[in-house]
Amino acid sequence: MLNPIHFVTWCFILYFYTTPTSTWRKFPKRNGFDHIRLHDLRHTAATLLIEAGVNLKPVQERLGHTKYQTTVDFYAHVTKKVSREAVTKLDKFDPRKHSL
């Protein structure tokens, strides 16, 4: 039986639970980047997907959230860019701006 502090990758290699973070911490240092937490990359990826117009359902699945509402709660507010784009799309229905 596996110890709960370990996890197994898709190719069945046993890792200690801190291995991804420990490995990531070395990467920015070796490549001259500022410190950024591995978890911050997760948020960045989700934000970029949403800004690119990806529906929240696939983002939820990629993040591994069991509940759709978790993704909505964290990322529905994501950026002003998404809100501006929504307003722009709705503007095309304003009869004062466009003649039918």
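So, Glu61, is that one acidic (Asp, Glu), surrounded by 10 or more Cβ atoms within 10 Å (Cβ to Cβ) and at pLDDT 90 or above or not?
Answer is yes for this residue.
Could you grab me the full set of residues in the stretch 36-91 that are closer than 23 Å to Arg25 by Cα and either acidic (Asp, Glu) or in contact with a Cys (Cβ under 7 Å, 6 or more places away or on another chain) (or both)?
Asp40 - this is the single residue of the stretch 36-91 that is closer than 23 Å to Arg25 by Cα and either acidic (Asp, Glu) or in contact with a Cys (Cβ under 7 Å, 6 or more places away or on another chain) (or both).
Please work out if Ile36 is β-branched (Val, Ile, Thr) and either in a loop (DSSP other than H, G, I, E, B) or exposed (fewer than 11 other Cβ atoms within 10 Å of the Cβ) (or both).
yes
Hey, Thr70 hits all of (1) in contact with a Phe, Trp or Tyr (Cβ under 7 Å, 6 or more places away or on another chain); (2) modelled with pLDDT of 85 or more but one; which does it fall short on?
(1)
Tally up the residues in the stretch 62-95 that are among the small types (Gly, Ala, Ser) and assigned to a loop (DSSP other than H, G, I, E, B), please.
2
The values are calculated or read from the model by the stated rules, or taken from the named source; none is laboratory data. Small disclaimer: the values here were computed from a predicted structure and weren't measured. Note that each Cβ is placed from the backbone with ideal geometry, even for glycine, and that neighbours are counted across all protein chains shown.
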